[in-house]
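Heads up: the structure comes next, in structure tokens.
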Amino acid sequence: MKKVRILIIGFGVIGSGVARAISEKREFISDKYGIDFEVVGIGERDGCIVCPEGIDAMEAYKLKQDGTLNKHPCWKDGVSSIDLIKGANADIVIEATPTNINSGEPGLSHMMAAFNTKKHVVTSNKGPLTIAFQKLKKTAEKNGVQFRFEAAVGGAMPVLNLVRETLQANEILSIEGILNGTCNYILTRMSTEGLPYEHVLSEAQELGIAEADPTYDVDGIDTACKLVILANAILGMNVSYKDADVTGITQISPGALKLASDDGYVIKLIGEIKDRNRPRVAPRLVPKDHPLAVGGTLNVISLRTDLAGEITVTGKGAGAIETSSSILSDLISIYKA
Amino acid sequence: MNLELKDMPGQLVLALQPISEFGGNIVSVLHQRDKKTPRGLIPVQITFEMDGKKLERLINRMKSNGITIAQIGEDRLREKATMILIGHIIHSDIRDTIDRIDSTGYAEVKDLAVSMPGVAQHSAARIVINAAGKKEMQNAIQLLRDIAREKELLLIESIEEA
Ligand SMILES: NC(=O)c1ccc[n+]([C@@H]2O[C@H](COP(=O)([O-])OP(=O)(O)OC[C@H]3O[C@@H](n4cnc5c(N)ncnc54)[C@H](OP(=O)(O)O)[C@@H]3O)[C@@H](O)[C@H]2O)c1
């Protein structure tokens with residue numbers, strides 16, 4: 001049995017969800033792969049839990065739900081996550097702090113600190129990936145550690161691992177897909193119910209599908225960031241957010257959706273990179289019977305490859321449990337090798 | 001193009017060779033040996049792409065090869081693309097938008113459907129464009145992109161064309 005000591009940095013929806021998944025799946029994973037995942041540290045904005053002999057991940061999850069994480073016996077008020085990462089005796093850092101696409105912080109510093117102290121990083125945080133991909137990749141390589149971020153693109157939907165582990169012999173020629181569940185939900189509801197944009201947006205906000213400030217999703221920024229990550233990671237390009245051509249969905253009207261529907265189309269916010277051209281995010285007509293025409297909050301990606309032809313994957317793009325599927329497969333893939 | 005060939009070796013070559021000589025691109029050949037015409041000729045249906053200006057000369061060449069041409073159906077604009085425009089469609093002079101596509105000579109607006117909600121709200125138009133070939137379609141779409149930018153309209157292209 002191989003013991004793997006984990007730090008979880010950012011204990012919000014995703015961080016605490018992963019803790020729960022690790023707790024629930026611990027036996028399954030150790031039986032199947034001979035790997036024992038043990039959480040030895042949790043970093044939050046206002047303090048840390050440090051516990052070299054192991055934290056009961058389910059207990060931490062429950063405390064977080066109750067808003068009493070700081071009542072944990074090993075809680076250390078005011079200790080920063082950076083110090084936790086640098087000081088702890090751990091193998092791997094799960095970085096799940098909020099996305100910041102301007103500075104990448106605090107995630108970027110967390111990741112650099114992890115690499116420089118020879119810890120692998122698994123993350124769901126797009127920010128650092130969008131602005132400093134090459135720097136992160138090189139630092140990881142230099143320190144001989146792994147950098148995995150399946151959860152940052154499309155939540156549960158496997159795409160990076162799919163390319164790395166099962167399409168190894170293929171050259172990926174183009175990528176297109178729906179990478180934002182919020183936009184997909186809004187457009188799907190507008191189309192099926194004939195409702196105006198504002199109406200469906202507030203409905204999505206009530207359901208927790210859209211944020212109070214929906215700009216990041218509906219203006220296509222989130223989709224562009226994910227596309228940039230795919231461009232860098234899969235196509236080996238060197239692009240950042242400012243290289244993308246981005247249009248969101250705020251101008252889409254029920255009338256436009258009806259005209260599309262009458263001719264056999266739906267309108268979807270599509271992220272696309274063709275032939276290594278600049279990443280493009282825009283509302284597009286998609287034939288109703290096309291593989292990309294998935295509804296609700298689903299995400300979907302289609303890869304055009306030289307050998308396998310067209311490969312399409314679809315799945316849940318968000319949610320704590322769903323996203324932890326990707327984080328756990330990244331964890332396992334690092335140690336299975 | 002529907003042809004009628006004599007039931008003799010080499011006839012099909014006599015029909016196809018001129019097409020490639022004139023730079024045509026043969027898409028399909030349907031040779032129906034079991035469906036002879038009353039005159040004992042074999043019907044052959046050929047589909048090809050070619051510069052329409054050379055058609056007259058092609059027909060003459062085929063005839064001089066002894067080929068009977070039963071019927072010619074010309075589909076000048078083979079490519080079709082559907083797009084949607086959102087914005088002040090009417091105020092931004094939709095007639096002018098159409099004219100600018102039509103006047104290219106290689107593409108034309110085949111169909112237009114407009115949806116107009118209340119005043120102050122944005123209208124939408126579904127526009128179907130036909131063009132002579134793939135390259136011409138790309139040019140027509142680029143033209144429409146430019147027009148949309150100039151008139152501040154949102155152009156929604158289909159994922160099929162890109
Ligand atoms: N939610 C999803 O379905 C989903 C799916 C895929 C990817 N992601 C990405 O995953 C990341 C986490 O998302 P989330 O939904 O879990 O967000 P979240 O609920 O806001 O959690 C972020 C956590 O990080 C903490 N934090 C903030 N600054 C910190 C710092 N300097 N050091 C340590 N912790 C800090 C926050 O604490 P405070 O509450 O005190 O600020 C919060 O607990 C984001 O980058 C997001 O884009 C999310």
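Since every read-out is calculated from the coordinates, none of them should be taken as a lab result. Just so it is clear, the model here is predicted, and its values are computed rather than measured. In this analysis, Cβ positions are derived from the backbone assuming ideal geometry, glycine residues included, and neighbour counts consider all displayed protein chains.
In loop segments of region B:28-133 as defined by DSSP, the trypsin sites (Lys or Arg not before Pro) with at most 16 further C-beta atoms inside 10 Å of their C-beta are B:R33, B:K35, B:K36, B:R39, B:R76, B:R78.
Please return the longest stretch of chain A lacking exposed loop sites, where GluC sites (Glu not before Pro) count only if DSSP places them in a loop and at most 15 other Cβ atoms lie within 10 Å. That would be A:212-337. When the alpha carbon gyration tensor of region A:87-228 is reduced to an equivalent ellipsoid, its three semi-axes come out at 32, 19, 12 angstrom, largest first.
Sorted largest first, the spans of the alpha carbon positions of region B:1-71 along the three principal axes are 33, 23, 21 Å.
Measuring nothing but alpha carbons in region A:55-138 and taking Rh as the Kirkwood radius, the Rg to Rh ratio lands at 1.00.
What percent do you get for the relative contact order of chain A when only Cα pairs under 8 Å and 6+ apart count? Let's see the in-between values first.
Values: 716 pairs, mean separation 61.4, N = 337.
In percent, rounded to a whole number, it is 18.
Near A:G144, once Lys and Arg are set to +1 and Asp and Glu to -1 for all other residues with Cβ below 15 Å from its Cβ, the sum equals +4.
Would you kindly give the portion of the calculated P(r) for chain A that falls above 30 Å, as a percent of all Cα pairs? Of all Cα-Cα distances in chain A, 36 percent exceed 30 Å. Each residue of region A:290-298 was assigned a 3J(HN,Hα) from its phi angle through the Karplus curve 6.51 cos²θ - 1.76 cosθ + 1.60 (θ = phi - 60°); the sequence is 7, x, 7, 7, 9, x, x, 8, 5 Hz, with glycine and proline shown as x.
Is there a simple number for the mean count of other chain Cβ atoms within 10 Å of the Cβ of residues in A:267-277, and what is it? It would help to have the intermediate numbers written out before the result.
Values: counts 3, 2, 0, 3, 0, 2, 0, 1, 0, 0, 1.
Average per residue, whole number: 1.
Of B:P117, B:P38, B:P18, the residue with the greatest mean-square motion in the GNM of chain B, using alpha carbon springs below 10 Å, is B:P38.
Using a cutoff of 8 angstrom between alpha carbon atoms and counting only pairs six or more residues apart, the relative contact order for region B:79-156 works out to 44 percent.
Show that you can apply the helix-only estimate: for the protein assembly as shown, add -39,500 (n - 2.57) for every DSSP H stretch of four or more residues, divide by all residues, and state [θ] at 222 nm to the nearest 500. Intermediate values should be presented prior to the final figure.
Details: 16 runs with 185 residues, N = 499.
Per the formula, -11500 deg cm²/dmol.
The spread of Cα positions in region A:179-307, taken along each principal axis and listed from longest to shortest, comes to 41, 34, 20 Å.
Taking Cβ atoms as reference points and 11 Å as the exclusive limit, the residues near A:K76 contribute a net charge of -4, counting Lys and Arg as +1 and Asp and Glu as -1. Among A:V153, A:V266, B:V109, the ranking by other beta carbons within 10 Å of each residue's beta carbon, starting with the fewest, stands as B:V109, A:V266, A:V153. Stokes-Einstein diffusion for region B:79-156 at 20 °C, viscosity 1.002 mPa s, with a Kirkwood radius from C-alpha pairs, works out to 172 µm²/s.
When both region B:101-156 and region A:1-78 are represented by their alpha-carbon centers, they are found 55 Å apart. Angle of helix A:197-206 to the longest C-alpha principal axis of chain A, folded into 0 to 90 degrees and rounded to 10: 20°.
By how many degrees, 0 to 90 and rounded to 10, does the Cα axis of helix A:57-66 deviate from the longest principal axis of chain A? Helix A:57-66 sits roughly 60 degrees off the main axis of chain A.
Each peptide in B:138-146, B:24-32, A:299-307 gets a packing score, the mean of other Cβ atoms within 10 Å over its residues, and the list from highest to lowest is A:299-307, B:138-146, B:24-32. Simple point charges give the picture: +1 on the Cβ of Lys and Arg, -1 on the Cβ of Asp and Glu, and for the protein assembly as shown a dipole about the Cα centre of about 1380 debye. Sorted into 10 angstrom bins from 0, the C-alpha pair distances of region B:29-70 split as 24, 49, 24, 3 percent. For the segment B:150-161, counting C-beta atoms of other chains within 10 Å of every residue's C-beta and taking the mean gives 5.
When Rg and Dmax are taken over the Cα atoms of chain B, they come to 21.8, 71 Å.
Descending by average beta-carbon neighbour count within 10 Å, the peptides A:236-244, B:6-14 line up as A:236-244, B:6-14, the highest first.
Can you pull the mean other chain C-beta count within 10 Å for peptide A:248-259? Could you put the intermediate results ahead of the total?
Details: counts 1, 1, 1, 7, 6, 10, 4, 12, 11, 3, 4, 12.
Taking all residues of A:248-259 together, the mean is 6.
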